[in-house]
1. Go through the range 121-155 and count every residue that is outside any strand (DSSP E or B) and more than 18 Å from residue 180 (Cβ to Cβ).
2. If you check 132, 108, which single one turns out to be surrounded by 18 or more Cβ atoms within 10 Å (Cβ to Cβ), within 18 Å of residue 68 (Cα to Cα) and modelled with pLDDT of 95 or more?
3. If the Cβ limit is 8 Å and pairs must be 6+ apart or interchain, which residue in the range 162-174 that is touching a residue at least 60 places away in the same chain (Cβ under 8 Å) and on the phi < 0 side of the Ramachandran plot pairs with which residue that is surrounded by 15 or more Cβ atoms within 10 Å (Cβ to Cβ) and part of a loop (DSSP other than H, G, I, E, B)?
4. In the range 91-117, how many are under 19 Å from residue 151 (Cα atoms) and either assigned to a loop (DSSP other than H, G, I, E, B) or over 13 Å from the mean Cα position of the chain (by Cα) (or both)?
5. I'd like to check which strands (runs of 3 or more DSSP E) are fully inside the range 156-203 and have at least 3 residues that are at pLDDT 95 or above and closer than 15 Å to residue 139 by Cβ.
6. Sort out which residues of the range 67-87 are in contact with a helix residue (DSSP H, G or I) (Cβ under 6 Å, 6 or more places away or on another chain), buried (at least 21 other Cβ atoms within 10 Å of the Cβ) and outside any loop (DSSP other than H, G, I, E, B), and write them in order of number.
7. If I ask for residues that are in contact with a helix residue (DSSP H, G or I) (Cβ under 6 Å, 6 or more places away or on another chain) and under 19 Å from residue 109 (Cβ atoms), which ones from the range 167-178 would you list?
8. In the range 28-60, what count of residues is obtained for those that are modelled with pLDDT of 90 or more and part of a helix (DSSP H, G or I)?
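The values are calculated or read from the model by the stated rules, or taken from the named source; none is laboratory data. These numbers were taken from a predicted model, which means no experiment stands behind them. When we count neighbours, we look across all protein chains shown, and the Cβ atoms used for this are built from the backbone with ideal geometry, even at glycine.
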């Protein structure tokens, strides 16, 4: 999802939670400033739903929970809160009543890229997410072609890129899952940037 800066008062995280609960739209929060979330293409939503549906089914019976779009991730070290497109948390603290509005310990975060958000998701937002000690993998899913970039934190704490394209499988070590890349794109019609041709992807 993309975010647009708003002329709002600067406030702390608790005040942000109280204020946003009264707003008709969602807002991300970075160092006292809020950013209204804009709408998304149907392809974006379909990709996010496909992935979330797969994760929920595959993780059934485990301590892990899958969340999509409407739940915040709090990055305390960055004084920020974001709405990832999809994320998974397995931390018991995130299951407590105090964590109904936001989670603090995701293992896996995924963002579906768009022209307006790609640079932000790959740059500043990724930098902020890296400040989450719990985060093991960060997945960027393109919506104009079959391609994902999976960043995995190694034993030295460095983030290593594992790209995947048509015909490849995506291994999510953070949650012990492996899936074909086509799962992300079921029931979508991809329109490559600058191209008038469509690519339909079905089950």
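1. Taking the range 121-155 first, the residues outside any strand (DSSP E or B) are 121-136, 142-147, 154-155.
Subsequent filtering for residues that are more than 18 Å from residue 180 (Cβ to Cβ) retains 121-136, 144, 154-155.
Qualifying residue count for the region: 19.
2. 108
3. 174/136
4. Filtering the range 91-117 for residues under 19 Å from residue 151 (Cα atoms) gives 105-114, 117.
Checking the rest, the ones that are also either assigned to a loop (DSSP other than H, G, I, E, B) or over 13 Å from the mean Cα position of the chain (by Cα) (or both) come to 105, 113-114, 117.
Summing the residues that are under 19 Å from residue 151 (Cα atoms) and either assigned to a loop (DSSP other than H, G, I, E, B) or over 13 Å from the mean Cα position of the chain (by Cα) (or both) in the range 91-117 gives 4.
5. On the way: elements: 159-164, 169-172, 177-180, 188-190, 199-201.
Qualifying strands (runs of 3 or more DSSP E): 159-164, 169-172, 177-180.
6. First pass over the range 67-87, keeping only residues in contact with a helix residue (DSSP H, G or I) (Cβ under 6 Å, 6 or more places away or on another chain): 68, 75, 78, 80, 85-86.
Filter again for buried (at least 21 other Cβ atoms within 10 Å of the Cβ), leaving 75, 80, 85-86.
75, 80, 86 - these are the residues of the range 67-87 that are in contact with a helix residue (DSSP H, G or I) (Cβ under 6 Å, 6 or more places away or on another chain), buried (at least 21 other Cβ atoms within 10 Å of the Cβ) and outside any loop (DSSP other than H, G, I, E, B).
7. Initially, the range 167-178 is screened for residues in contact with a helix residue (DSSP H, G or I) (Cβ under 6 Å, 6 or more places away or on another chain), giving 168, 170, 177.
Hits for the range 167-178 are 170, 177.
8. 16
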